[in-house]
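Please read the structure below before turning to the comments.
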């Protein structure tokens, strides 16, 4: 599937970048047009005292101000049927979707039910050469994995699982119902944050909480990670947003630039299950100041009628991208300049003949197509991937990680057997 230049919304601004801070040339990116600065005036109000309207533009550079943006994004779909897609990669230049093959050793990602969250862990944090991703079901079951290209196809591999849960104090009154999750670094330590969607369910008001907990990647990979109640810090979303109890206070949480604790955007949304027409979405900026047990602070920014935002990611401190799940109407992406409201929209294009409902987006993070899965054409059990060699080098320096190294080696041998079987098909 190609990923050429867009014919609808102007040129792709700059080359895609790695998920880390390093910028590099992209595969298949259109040349950047001369950057056009976003509108200097604030976005117009929509008639209320708090919310502004988006200002749609025809050229992506009017929304980015010339900043480089990634050209490819991993997205999750909240499907429940076994045959429906769970992961895809969307190309920003034309909205086409590329399938992701999931090699999870039976750990459940390929058959995950109701994936509502996706976040990325920067390689600078883990000391690895490529990012890690976490996809999470609404019930709190999470999948840690890597994403690479193999024979020009996307592959999710190295899957590990863990589970989060609601705070004990409100667990009896609130299901997990996670629709937003992210990672951040504070005091040199990696944390995970996940939020209950809020709003109402079956006529009952949900308790809109958000919880933070240290995230130990090594423990996840060894199958030993657990959420400890004593380590949870809990705050709450406002009881109602825009005076409407049916608005879900957390549709997704952005990931602040540099994996910072504050400054990211987050989205809320109102569903319309009856007609799938009267969706309403809200974009806000997360502010510091909330104490444990207190209510989150935020700055109201934009209200969007007729679309249900479920995925958002902060590319720079000024530019974000959001994605929608508009049910039977499919999905679209929007690159947004948070200060001016300049917004460049691109429809997501499902595979030919596919039901657009299956390709709504409920989480989004950038990917880099330059990450290749090593030994693409090999079926030898004696060959190991470069990432396995990295683990061996680490184990020579850190004796306590021998258990992880042995497990990774077993999985590498299993993968080599699978590749040999595929070569015979």
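Since every read-out is calculated from the coordinates, none of them should be taken as a lab result. Predicted model only: the values in this text are computed from it and were never measured. All Cβ positions, even for glycine, are placed from backbone atoms using ideal geometry, and neighbour counts span all protein chains on display.
Computed on the Cα trace of segment 63-209, the radius of gyration divided by the Kirkwood hydrodynamic radius gives Rg/Rh = 0.99.
For segment 262-284 versus segment 64-105, the inter-centroid distance based on Cα atoms is 20 Å.
For segment 55-366, place one equal point scatterer on every Cα, skip the solvent, and apply the Debye formula. What is log10 of I(q)/I(0) at q = 0.07, 0.08 Å⁻¹? Evaluating at q = 0.07, 0.08 Å⁻¹ gives log10 I(q)/I(0) of -0.24, -0.31. When you have a sec, figure out the Kirkwood radius of segment 91-144 from all distinct Cα pair distances and drop it here in Å to one decimal? By the Kirkwood definition, the hydrodynamic radius is 13.0 Å. FRET efficiency for the residue 317 to residue 423 pair, using the beta carbon distance and R₀ = 51 Å, is estimated at 0.60.
Each listed q (0.09, 0.11, 0.20 Å⁻¹) maps to a log10 I(q)/I(0) for segment 162-274, found by the Debye formula over equal Cα scatterers with no solvent: -0.25, -0.38, -1.10. With bins 10 Å wide starting at 0, give me the P(r) of segment 183-241 over every alpha carbon pair, in whole percents. Result, from short to long distances: 21, 41, 26, 12, 0 percent.
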